[in-house]
Amino acid sequence: MEPSSCPTLTEGRYEYDFGDTAGLTPLLSMYTLGHDFVPPSIHAGGLRYHGDAPIISELVRSGRMEAVAYPQGKTFEAAVQFARIQGSIPAPETSHTIRAVIDEAIAAREEGSERVILFDYSGHGLLDLSAYEDYLGGRLA
C-alpha cells in the first residue's frame with residue numbers, strides 16, 4: 001500500500017536507481033519515481049520516499065504481491081474507523097494497510113466469500129496527532 005501522491009510501486013519504473021537524492025549510494029534495482037523526485041507535502045510519513053526496497057519491488061514485479069495506492073483522505077478515514085473500533089491510533093503509514101484491509105473485507109462480503117486477511121500493524125500514530133486534528137477539522141489536503 002502506498003500514497004497516491006508518491007506512487008512508486010503503482011506508477012514508478014522498475015530500474016536501477018540511487019537510494020538517496022544525492023546519488024551517492026550504490027544503484028539498487030527497485031521501483032522508483034527517480035532519485036530527484038520531490039514529494040508533495042502530505043502526511044504519509046515514511047511513505048514519501050522516491051523508491052521501494054529491492055525485495056518489495058521484486059515481489060511486486062514478479063506478481064507475488066500487489067500494490068495499491070490510496071489518497072491520504074481515504075487512509076485517515078480508515079484510521080479513524082480503526083481507532084474507534086480497536087482503541088489504538090495507527091500511524092499514517094499503517095493507515096494505508098488498514099484502508100486496504102477494509103476494502104478487502106468489503107469485497108469479500110460483497111462476493112459472499114470467506115477470506116483470511118492478515119496485516120501488519122506497524123506503528124501507532126501518537127506522534128501524528130496534529131495530522132489527525134487537521135483531518136478531523138477538515139484542514140488536511
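Structure notes:
- DSSP finds beta bridges in the chain, and of those with both partners inside it, around 80 percent are antiparallel.
- Of the trypsin sites (Lys or Arg not before Pro) found in segment 1-103, the ones in coil according to DSSP and having at most 13 other Cβ atoms within 10 Å of their Cβ are Arg64.
- Contact order relative to length of the chain, as percent, for alpha carbon pairs under 8 angstrom and 6 or more apart: 22
- Length released on extending from Ile56 to Arg139, taking residue separation times 0.36 nm less the Cα-Cα span: 26.6 nm
- Counting Lys and Arg as +1 and Asp and Glu as -1 over every other residue whose Cβ lies under 15 Å from the Cβ of Ile98, the net charge comes to -4.
- Nitroxide proxy distance, nm - points 7 Å out along Cα→Cβ at Gln86 and Tyr121: 0.4
- Counting 0.36 nm for each residue step from Ser113 to Glu11 and taking away their Cα separation leaves a gain of 33.7 nm.
- Sparse-neighbourhood loop sites, GluC sites (Glu not before Pro) in segment 86-141 - DSSP loop, at most 12 other Cβ within 10 angstrom: Glu114
- Fewest-first sequence of Asp52, Asp134 by Cβ atoms within 10 Å of each Cβ: Asp134, Asp52
- Added length on full extension, which subtracts the Cα-Cα distance from 0.36 nm per residue, Glu104 to Ser29: 24.0 nm
- For Tyr70, the amide hydrogen comes within under 5 Å of the amide hydrogens of Glu2, Ser4, counting only partners 5 or more places away or on other chains and with H modelled in the peptide plane.
- In nm, spacing of pseudo-spin labels at Leu129 and Arg64 (7 Å Cα→C-beta vector): 4.1
- In terms of other Cβ atoms within 10 Å, His124, His96, His50, His35 run from fewest to most in the order His124, His35, His50, His96.
- Panel order for Val116, Val80, by other beta carbons found within 10 Å of each beta carbon, from fewest to most: Val116, Val80.
Taken together, the values in this text are just the output of simple stated rules run on the coordinates, not laboratory data. Computed from a predicted model, the values in this text were never measured in an experiment. Reconstructed Cβ throughout: ideal geometry from the backbone, glycine too, with neighbour counts over all protein chains shown.
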